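The values are calculated or read from the model by the stated rules, or taken from the named source; none is laboratory data. From a predicted model like this one, the values you see are computed outputs, not experimental measurements. In this analysis, Cβ positions are derived from the backbone assuming ideal geometry, glycine residues included, and neighbour counts consider all displayed protein chains. To get the accessible areas, we keep the full protein, side chains included, count just its heavy atoms, and leave off ligands, DNA and RNA. Shrake-Rupley method; radii C 1.70, N 1.55, O 1.52, S 1.80 Å.
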Amino acid sequence: MTPRPRILTGDTPTGRLHVGHYVGSLENRLRLQRDHDCYVLVANVHAFTTRAEHPADIRRDTFELVRDSLAAGIDPDRATFVVQSEIPAIAELTFLLAMLIPYARVMRNPTLKDEIRSKRLGEHYSFGFPLYAVGQCADILAFRAHLVPVGEDQAAHIEMTREVARRFNHLYGGVPSTTHDEDHERAGGVLPIPKALIGRVARLPGIDGVEKMSKSRGNAIYLSDSSEEIRKKVARLHTGRQSVTEPGDPDNALFQYARAFLPDPERVRELADRYARGDNIGDAAIKHEVAAAIDALVAPMRARRAAITDAQVLEIVREHTRRANAVADETLRRVKQAMRLDFDVPRDVFVGCNPARVEDRFGSSPQPHSVLPRER
Ligand code: TRP
């Protein structure tokens, strides 16, 4: 049996998931989990790039993110949730890969530049902020993922990941630089060259009708919103249209919503046609249909969500993250071997990264060398 192609995707826990996530990426994840080996990363370390002062919020949002994903239909028996902070191989890989990307290349990354602008970071961002883009390369490559389902805003990160992987394989795997992306593994490269998979709706505007829908811009309709909240938020969408006979723009934010959420494309065409002609059709009527469609989409999620406890989330992420470490550790082993960094120092005595457990084994002050088991 050939192994299922591997997928890695993820989100930063900075708030709940919204309908922009759904059409941009979640929908693809739900479809692909059926026949792919699917990893869903919670990028809680990255959350510290902009919220280092709020560790409790990051922890809460980590739970919310997993709860939202489960409620949306990510199946814990098929997909694997990964809590980033619990995967030491990712941190190691980040450092190693950082040497393969020119600093100026990172700083030219358009997604980073956008974030600096839209979050008004100015020059006050931490060193770790641009580093997260390298960290994202490590997330993806640690799992040797072939496909990365993300929203369009993440495409620049995936492009950088591809560059790093090609360079790694060339430098340390002897893969000729003329090799096609699909052939890197066959040519001896450790890392597959991953592809981004952008969702059905590349960019959904927020309810301000201008900016992309985003947790941090406060313009989102959440998967966990009530029917009433959804109705109110859709009603706020501003189109600038004055009357039911004024010809409207059938590509405005309201129609982007109609296209994204109304189940019947024929109906959307009919509405758009009448809207463009100003054929006795009000914004309110369209908003009503759009809100009802969004509500129908998220209602089952809302119900499932309410039944998922923190304890269940914790049990799932513990079990899954353990499994994920096996994959990431194997990648790191191969990476270090290719980089001639293989010294075979036994690691099992460190029991992962939890110092308390090291103390369990060795008493309160582990004596590094004398107690290490000798290599056989
Ligand atoms: N930067 C992504 C976001 O905020 C989250 C993320 C971190 C991610 N690592 C990733 C997405 C790896 C895909 C693959 O949405």
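List every residue pair whose Cβ atoms lie under 9 Å apart, where the two residues are 6 or more positions apart in sequence or sit on different chains, the first residue falls within the range 326-343 and is aliphatic (A, V, I, L, M), and the second residue, located anywhere, is open to solvent by less than 20 Å² (accessible area, probe 1.4 Å) and assigned to a loop (DSSP other than H, G, I, E, B).
Note: pairs meeting the criteria are 327/143; 328/87; 328/143; 335/191; 338/189.
Of the residues 29, 6, 34, which is of a type outside the set (Gly, Ala, Ser), surrounded by fewer than 21 Cβ atoms within 10 Å (Cβ to Cβ) and within 14 Å of the ligand (Cβ to nearest atom)?
After ruling out the rest, the residue left standing is 6.
Among the residues in the range 7-15, are any aliphatic (A, V, I, L, M), assigned to a strand (DSSP E or B), over 23 Å from residue 306 (Cβ atoms) and in contact with a Leu (Cβ under 8 Å, 6 or more places away or on another chain)?
So far as the range 7-15 goes, yes, one or more of its residues are aliphatic (A, V, I, L, M), assigned to a strand (DSSP E or B), over 23 Å from residue 306 (Cβ atoms) and in contact with a Leu (Cβ under 8 Å, 6 or more places away or on another chain).
Could you grab me the full set of residues in the range 136-161 that are surrounded by fewer than 24 Cβ atoms within 10 Å (Cβ to Cβ), more than 7 Å from the ligand (Cβ to nearest atom) and outside any loop (DSSP other than H, G, I, E, B)?
Those that are surrounded by fewer than 24 Cβ atoms within 10 Å (Cβ to Cβ), more than 7 Å from the ligand (Cβ to nearest atom) and outside any loop (DSSP other than H, G, I, E, B): 147, 152, 153, 155, 156, 158, 159, 160.
Condition test on residue 117, is it at pLDDT 95 or above and either surrounded by 21 or more Cβ atoms within 10 Å (Cβ to Cβ) or part of a helix (DSSP H, G or I) (or both)?
No.
Name the one entry in 69, 85, 25 that is modelled with pLDDT under 95, in a helix (DSSP H, G or I) and not β-branched (Val, Ile, Thr).
When all the criteria are applied, what remains is 25.
Can you tell me which residue is nearest to the chain's Cα centre (by Cα) among those in the range 210-240 that are within 26 Å of residue 116 (Cα to Cα), open to solvent by 30 Å² or more (accessible area, probe 1.4 Å) and of a type outside the set (A, V, I, L, M)?
Ranking the qualifying residues of the range 210-240, first place goes to 215.
Being in a loop (DSSP other than H, G, I, E, B) and either within 16 Å of the ligand (Cβ to nearest atom) or touching a Pro at 6+ places or on another chain (Cβ under 7 Å) (or both), is that true of even one residue in the range 171-182?
no
Mind listing just one residue for me: the one in the range 153-184 that is aliphatic (A, V, I, L, M) and without any contact (Cβ under 8 Å) to a residue 40 or more places away in the chain and, of those, nearest to residue 114 (Cα to Cα)?
If we take residues in the range 153-184 being aliphatic (A, V, I, L, M) and without any contact (Cβ under 8 Å) to a residue 40 or more places away in the chain, then 158 is nearest to residue 114 (Cα to Cα).
Kindly list, by first and then second residue, each pair from a residue in the range 118-142 that is free of Cβ contacts under 8 Å to residues at least 12 places away in the same chain to a residue that is more than 9 Å from the ligand (Cβ to nearest atom), limited to pairs with Cβ atoms under 9 Å and residues at least 6 apart or on different chains.
Pairs that qualify, where the first residue is free of Cβ contacts under 8 Å to residues at least 12 places away in the same chain and the partner is more than 9 Å from the ligand (Cβ to nearest atom), are 122/116; 123/116.
Of the residues 186, 203, only one is in a loop (DSSP other than H, G, I, E, B) and either within 19 Å of the chain's Cα centre (by Cα) or within 15 Å of the ligand (Cβ to nearest atom) (or both); which? Working first, answer last.
Values: 186 fails: either within 19 Å of the chain's Cα centre (by Cα) or within 15 Å of the ligand (Cβ to nearest atom) (or both).
Checking each option against the conditions leaves just 203.
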